[in-house]
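The structure appears right after this line, and notes come after that.
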Amino acid sequence: MFVKTHRLSPLFILIQLAFGGQSAWAQTNSLTVSPKLEDKLSVEAIKSSAIYVSGDKVAGSTEDKVIVEGAAEFRKPGTVLKADKVEYEQNKDEVFASGNVRLNRLGNTFEGPEAKFQLETFKGYFLKPQYQFLANGGNGQADKIDFLGDKKTTISNASYTTCTRIPGSKWLPDWVLEASRIDTDSEENVGEAYGAVVKLKEVPIFALPYMSFPLNSDRKTGFLPPSIASDNVSGLEISTPYYVNLAPNYDLTFNPTLSSKRGVNLGTEFRYLNPTLSGTMNVDVMPSDKLRNNDRRWGISADHQQYIAAGSTVGGLLLNLEVNRVSDNNYWRDFPRATGTLTQRILPTNASLGWRQGAWSSGLKFSKWQTLQDTGAVIRPPYDQLPHAYLKYDGLNLNGGFNLNVNTEVTHFKSDPAFTTQVNGTRAFNQIEISRPFKSPAYFITPKAKFHNATYQFDSPLRNGDTSASLSVPTFSLDSGLVFDRSVRLWGRDLTQTLEPRGFYVYTPYREQSLLPNYDSAARDFNFAALFTENPYSGNSRIPDTNVFTYGLSSKFLDANSGAELVRLGMAQRLRFEDQRTILPGNRIQTERLSDLLFGATVNWDPHWSVETTQQVSPNESRLNRGVLGVRYAPKDFHVVSAAYRYQRGVSEQAELSWQWPMAELFGASNDATDGAVSNGRWFTLGRLNYSLTENKMVDSILGFEYEAGCWVARTVVENVSSSSATSNRRILFQLELVGFGSVGPGALKTLRSNIPRYQYLREQVDTPNRFSNFE
């Protein structure tokens, strides 16, 4: 039978006897529908909710003390308690459980012989428990757990691991943290261990008097997994990064590295992100480098973007800052794995402030370059622009459908004449462009006219003695194309095929420019986009005479149902009617009437396969001048193979192969990975090889192995990076990650992510657990 009792408080106790029938409560009270399951319960909801108790035998009074024995179960929203015996004192709001006690508190579970706690405050203890936390699956056992409220516990003589517990007394986790005391705070999602020893396969790997660790996947202040590397230049390297979670939107990482051959390198990374600004800063300092006569070496790389609102009527300002600086010319060679741009020999530093409102925009920019010179390979440094100011107007679809673009800029160019062999100076450049597009689904025609004007003031005379110069050049172009399409069926698929011929004519008359310095012009790469532009050079130092017609043909195959592009084919060629006499310094006059033929194809017929190629063929010699072929196969997660072939006649010929693949499947075994998860106990092979067919040698190579054991991951990477045609830098990296115990730090993982296309991290958490993930 069921008995219903009342108190003056909103607390109700429902006792079910083992031999009872249908309850009177069930007859008079119906369940209500909740619009959603609440993951987090409010304090008011817990206080006002009923308590449900069931068991084989009941004794006591509901006004004082209730004792339930035999399969006793005590249930309240957020709390489920099961035991051989449960005693509840209403006056103290206290529960005492003994014998095979199991407690589920908001998804966190505890099992042991005895527990005592208050329901509302959740203050009490649990003896000899085995426990498991919901957020990250962390589990262990202890002599005692003291509950200090809903959010905090103290665990005495405890063990902790994220390895999944397997039933049985002989189970041992692969790794375990043992501590005299562990304090947990589920509000801050942090654990603190005192007298801590971490063991892997029962072997101690490190010990600390104090350490902290996360209780979920959120970022957490503390040490990241260390990295160990062996380098032929730096010797043995040990990195112990320390992460500081300053706030949800900015953080700091210290990465001290000890090198046996060079000394200590102190690395720091600061990141921040706000709705109107973001940026990063990386600073590396080696106080005394034994490799370079104990010189101090340093490198800094920073970028900052910020939007400054100035009101809807006047638009807003965009601030961009970029800094890249190193201590000396040998930095790129001695630190081949430095942050980002610092591995290059030409380092930019920029500061710009831009404004835009509607069709108008303006800005001011300062650009300065640091060029790392090498006596064996001298580089001509680019020009500093101190400053560069511009004003633009981009008017689209004006009266009559015309487009009007106006660009005015003033720039002072400065560099070292000993390297550039040119004078420094200031250039004012103006360009007016007007066009009238005619478009329909079947065709487009765009006539366009441009007028360029440049005025120069030089810091020193030109070869002819002039200290100033001016240039005015018009340009006329006509771009046109047709679009045909038809429905076809190929290889069992309904497709839409397009055929798109295109013609592009450009005329620019000749103007003498050979005495003018080349401050910022360079030849564009020979590609489809460059063939259909008015100027074959970037920048504004050269406006070449042009009388050319570019023709092309492309065809696309689209899925008739989804519209996805499955195949794209194209070709283009440029026909020159007159010699091009305005050229870059050191180049020869362009006399060829026909340019190379350019062919391109992209195939994504199967979602697992991707093929892309571009071929540049000489029509006069009927041979390949340059070509690229790339193939990628990615059937599922953690399975990817990419291959590429690159050829440039007389310059280079290279083949590249990269991959990430489970080793077991290479030998015929099957071990599927689905939905971004990977099963335990898997070996992965991965790498990237870049081989020079011209030199018959490996240029760069990365070979690595990963072992995924469920609660820990080990990585070993062997890397070889060429620092010159005759020398290379080789190192071996090792990284151990205890999953759920710390965020992944730099080292082997960083190398894999930056060098292997489409590399996937083996333990990326997709779903965030909630209390219903472990519902009883």
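In the set (1) modelled with pLDDT of 90 or more; (2) more than 30 Å from residue 145 (Cβ to Cβ); (3) over 21 Å from the mean Cα position of the chain (by Cα), the condition left unmet by residue 273 is number (3).
I'd like to check something: does the range 485-503 contain any residue that is of a type in the set (D, E, K, R) and closer than 30 Å to residue 419 by Cβ? There is no residue in the range 485-503 that is of a type in the set (D, E, K, R) and closer than 30 Å to residue 419 by Cβ.
Considering every residue within the range 531-543, establish whether at least one is within 27 Å of residue 566 (Cβ to Cβ) and of a type in the set (Ser, Thr, Tyr). Within the range 531-543, not a single residue is within 27 Å of residue 566 (Cβ to Cβ) and of a type in the set (Ser, Thr, Tyr). Flag: residue 355 does not match the condition of being farther than 21 Å from residue 424 by Cβ, in contact with a Ser or Thr (Cβ under 7 Å, 6 or more places away or on another chain) and in a helix (DSSP H, G or I). Does the range 526-547 contain at least one residue that is open to solvent by 30 Å² or more (accessible area, probe 1.4 Å), in contact with a Gly (Cβ under 9 Å, 6 or more places away or on another chain) and over 22 Å from residue 506 (Cα atoms)? Scanning the range 526-547, I find no residue that is open to solvent by 30 Å² or more (accessible area, probe 1.4 Å), in contact with a Gly (Cβ under 9 Å, 6 or more places away or on another chain) and over 22 Å from residue 506 (Cα atoms), so the answer is no. Got a number for residues in the range 698-726 being modelled with pLDDT of 90 or more and among the basic types (Lys, Arg)? Residues flagged as modelled with pLDDT of 90 or more and among the basic types (Lys, Arg) within the range 698-726 amount to 0.
Does residue 341 satisfy the criteria of being open to solvent by less than 40 Å² (accessible area, probe 1.4 Å), under 22 Å from residue 289 (Cβ atoms) and at pLDDT below 90? Criteria met by residue 341. Filtered by the rule that a residue be among the polar types (S, T, N, Q) and either crowded, with 16+ Cβ neighbours inside 10 Å or touching a helix residue (DSSP H, G or I) at 6+ places or on another chain (Cβ under 7 Å) (or both), the range 499-525 gives 508, 513, 518, 521.
Go through the range 682-699 and give me each residue that's within 19 Å of residue 640 (Cβ to Cβ) and not β-branched (Val, Ile, Thr). 682, 683, 684, 686, 687, 688, 689, 690 - these are the residues of the range 682-699 that are within 19 Å of residue 640 (Cβ to Cβ) and not β-branched (Val, Ile, Thr).
Answer with yes or no whether residue 694 is open to solvent by 40 Å² or more (accessible area, probe 1.4 Å), among the β-branched types (Val, Ile, Thr) and at pLDDT below 90. The answer is no for residue 694. Mind checking which residues of the range 64-86 are assigned to a strand (DSSP E or B) and either at pLDDT below 85 or among the charged types (D, E, K, R) (or both)? Those that are assigned to a strand (DSSP E or B) and either at pLDDT below 85 or among the charged types (D, E, K, R) (or both): 65, 69, 73, 75, 76, 82, 84, 85.
Look at the range 46-63: where a residue is on the phi > 0 side of the Ramachandran plot and modelled with pLDDT under 75, no partner that is part of a loop (DSSP other than H, G, I, E, B) and loosely packed, with under 13 Cβ neighbours inside 10 Å sits 6+ places away or on another chain with Cβ atoms under 8 Å.
Looking at this structure, is residue 503 closer than 21 Å to residue 449 by Cα, at pLDDT below 95, among the small types (Gly, Ala, Ser) and touching a strand residue (DSSP E or B) at 6+ places or on another chain (Cβ under 8 Å)? No; evaluated as a whole, the condition is false for this residue. Looking at the range 170-231, the strands (runs of 3 or more DSSP E) lying wholly inside it that each contain 2 or more residues that are at pLDDT 85 or above and farther than 18 Å from residue 242 by Cα sit at 175-185, 190-200, 203-214.
Note on the range 116-165: enclosed strands (runs of 3 or more DSSP E) holding 1 or more residues that are over 15 Å from residue 192 (Cα atoms) are 123-127, 130-132, 139-141, 144-148.
Residues are listed down the side, and each one gets a yes or a no for (1) surrounded by fewer than 17 Cβ atoms within 10 Å (Cβ to Cβ); (2) at pLDDT below 95; (3) assigned to a strand (DSSP E or B); (4) over 38 Å from the mean Cα position of the chain (by Cα):
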| residue | (1), (2), (3), (4) |
| --- | --- |
| 572 | no, no, yes, no |
| 575 | yes, no, yes, yes |
| 584 | yes, yes, no, yes |
| 588 | yes, yes, no, yes |
| 602 | no, no, yes, no |
| 606 | yes, yes, no, no |
| 610 | yes, no, yes, no |
| 613 | yes, no, yes, no |
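Kindly indicate whether any position in the range 268-283 is touching a Pro at 6+ places or on another chain (Cβ under 9 Å) and open to solvent by less than 40 Å² (accessible area, probe 1.4 Å). No: the range 268-283 contains no residue that is touching a Pro at 6+ places or on another chain (Cβ under 9 Å) and open to solvent by less than 40 Å² (accessible area, probe 1.4 Å).
The values are calculated or read from the model by the stated rules, or taken from the named source; none is laboratory data. Since the structure is predicted, the reported quantities are computational estimates derived from the model, not experimental observations. Neighbour counts are summed over all protein chains in view; Cβ atoms, including those assigned to glycine, are modelled from backbone coordinates with ideal geometry. Ligands, DNA and RNA are excluded from the accessible area calculation, which covers all protein heavy atoms including side chains. Shrake-Rupley method; radii C 1.70, N 1.55, O 1.52, S 1.80 Å.
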